[in-house]
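Enquirer: The structure that follows is given in the form of structure tokens.
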Amino acid sequence: MQDPQAYFATRLKDTDREVFDAIAGELDRQQDQIELIASENLVSLASLDALGSVMVNKTVEGYPGRRYYGGAEFADTLEQLAIDRATQLFGCKHANVQPHSGSQANLGVFLALLKPGDTILSMDLSAGGHLSHGAKVNLTGKWFNVVHYGVRPEDGHIDMAGVERLAQEHQPKLIICGGSAYPRAIDFAAFRAAADSVGAWLLADMAHFAGLVAGGQHPHPFPHAHVATATTYKNLRGVRGGITLWNDDAMTVKLNSGVFPGVQGSVILNAVAAKAVCLGEALKPEFQSYAANVLANARALAASLQARGIDLVAGGTDTPLMLVDLRGIGLTGNVASEALERAGLTCNKNGVPNDPEPPQVTSGLRFGVSAGTTRGFGADEFSAVGGWIADVLEGLAESGPGDNGAREATVRDETRALCRQFPIYPDLMD
Ligand SMILES: *Cc1c(COP(=O)(O)O)cnc(C)c1O
């Protein structure tokens, strides 16, 4: 038997070098690459402290004040703190902070409001929707009757007339707005009108722009949505997880039961602790300027790409993300994203609306600015990033992936130099 004192006192670096080295390698990667994956961000050291805390040892089921196990005093304090901060931040009456992820938050809503076989109306995955909104391969797509709306071919904006028409035709019980690769602001009032016209619930999934909503830089889903969900780890800048928000007291038992015991068991309390930290950070005035900077940076990056003749779906962005349509410059998403990664610019290939290419190839790239903005990048840095992206893509279009090495190496030096000026987590792994 190992000496308990050593067990409680030995740090990872002194006990498991393989795991430590992989984590240290990941920190170096994050430090030295420009993170443009829209679903990523960089959490505060305070969030890391909470996530790595002894809260991980505590098991509770149920909700504060109504637990199934004892010893829940501090768990209750913590979860109530997270709930109160979430409702204050988003100006709503109720919050559930237990969802392990955004998909779980959505599934809990489905369970609360629908029966298997009910009809839902949501954005098509190929137009920028999300797997958990009824994609064929997802549980939600297998167990519900899903009808999809899309974007208008002429300008890439949501086809609201189509939403209204499909609602009348299919009489859904639930309409979902919000997506993973839709760059424009959502007209929640128009969605609510469409929902009301057929007596449907409206779910606003603000996973990708929750920080902008909190910071007053995007239209607010309330009072229009009956329920809103979000991930905490994208634009909201917290640890991995989800939240569910609503106003109507009459929905509370259903929505809470949808999460627990509906689709989840016990609470990941260390994640709830870290969510409380992130929500507390988002309530501070500094977060308002973070949100404003995210939007300004997204627009600066978008403008710098367009200035180099690179097409953006929907012509620009109102969110932290944008979608490049590579067809105009004759490239595909897989080849382009690999070249950019070699140049120190990490992003993902992404389908564009009506993409002729299969999902492993795609005709698009998705870029997000949430993580770079957290590091301190401003519009100047993002304009430079846009120029480097254009350099790599132009080279690739001219000479193909085999002969673009010199240009990628030049940009790699530039991206590394910029990253060095904006260090993250100094001394973390020392
Ligand atoms: C990211 C995302 C989610 C949740 O994803 P998880 O990986 O389950 O956290 C849900 N909805 C949308 C629109 C998203 O972009």
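Enquirer: Please enumerate the residues belonging to segment 125-150 that are within 14 Å of the ligand (Cβ to nearest atom), crowded, with 20+ Cβ neighbours inside 10 Å and in a loop (DSSP other than H, G, I, E, B).
Expert: Gly128, Gly129, His130, Gly134
Enquirer: For segment 84-107, how many residues are within 12 Å of the ligand (Cβ to nearest atom) and either over 9 Å from Gly242 (Cβ atoms) or in contact with a Leu (Cβ under 8 Å, 6 or more places away or on another chain) (or both)? Can you show your working first?
Expert: Within segment 84-107, the first condition is being within 12 Å of the ligand (Cβ to nearest atom), and the residues that meet it are 99-107.
Subsequent filtering for residues that are either over 9 Å from Gly242 (Cβ atoms) or in contact with a Leu (Cβ under 8 Å, 6 or more places away or on another chain) (or both) retains 103, 106-107.
The total comes to 3.
Enquirer: Going through segment 73-110 one residue at a time, which ones are within 10 Å of Leu279 (Cα to Cα) and free of Cβ contacts under 8 Å to residues at least 12 places away in the same chain?
Expert: Listed by number, the list holds a single entry, Asp84.
Enquirer: Sticking with this structure for a sec: Of the residues Ala250, Ala195, Ala185, Ala181, only one is assigned to a helix (DSSP H, G or I) and in contact (Cβ under 8 Å) with a residue 12 or more places away in the chain; which?
Expert: Numbers: Ala250 fails: in contact (Cβ under 8 Å) with a residue 12 or more places away in the chain; Ala185 fails: assigned to a helix (DSSP H, G or I); Ala181 fails: assigned to a helix (DSSP H, G or I).
When all the criteria are applied, what remains is Ala195.
Enquirer: Being away from the ligand (no atom under 14 Å from the Cβ) and either in a helix (DSSP H, G or I) or among the acidic types (Asp, Glu) (or both) is the requirement here; does Lys115 meet it?
Expert: Numbers: away from the ligand (no atom under 14 Å from the Cβ): yes; either in a helix (DSSP H, G or I) or among the acidic types (Asp, Glu) (or both): no.
Taking the combined requirement at face value, the residue does not satisfy it.
Enquirer: Identify all residues within segment 340-371 that are more than 17 Å from Leu323 (Cα to Cα) and under 19 Å from the mean Cα position of the chain (by Cα); write none if there are none.
Expert: none
Enquirer: Restricting the search to segment 25-52, which residues are surrounded by fewer than 16 Cβ atoms within 10 Å (Cβ to Cβ) and small (Gly, Ala, Ser)?
Expert: If the condition is that a residue be surrounded by fewer than 16 Cβ atoms within 10 Å (Cβ to Cβ) and small (Gly, Ala, Ser), then Gly25, Ala46, Gly52 are the ones that fit.
This table checks each residue for (1) in contact (Cβ under 8 Å) with a residue 40 or more places away in the chain; (2) on the phi > 0 side of the Ramachandran plot; (3) not hydrophobic (A, V, I, L, M, F, W, C).
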| residue | (1), (2), (3) |
| --- | --- |
| Val277 | yes, no, no |
| Lys284 | no, no, yes |
| Phe287 | yes, no, no |
| Ala303 | yes, no, no |
| Ala314 | yes, yes, no |
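Enquirer: Please find, within segment 205-243, the residue that is surrounded by the fewest Cβ atoms within 10 Å (Cβ to Cβ) out of those that are in a strand (DSSP E or B) and either more than 10 Å from the ligand (Cβ to nearest atom) or charged (D, E, K, R) (or both).
Expert: Initial filter on segment 205-243 (in a strand (DSSP E or B)): 205, 227-231, 242-243.
Filter once more, so that each one left must be either more than 10 Å from the ligand (Cβ to nearest atom) or charged (D, E, K, R) (or both): 205, 227-228, 243.
Numbers: Asp205: 31, Val227: 30, Ala228: 29, Ile243: 27.
So, considering only residues that are in a strand (DSSP E or B) and either more than 10 Å from the ligand (Cβ to nearest atom) or charged (D, E, K, R) (or both), the one surrounded by the fewest Cβ atoms within 10 Å (Cβ to Cβ) is Ile243.
No lab work stands behind these numbers, since they all come straight from the coordinates. These numbers come from a predicted model, not from an experiment. Note that each Cβ is placed from the backbone with ideal geometry, even for glycine, and that neighbours are counted across all protein chains shown.
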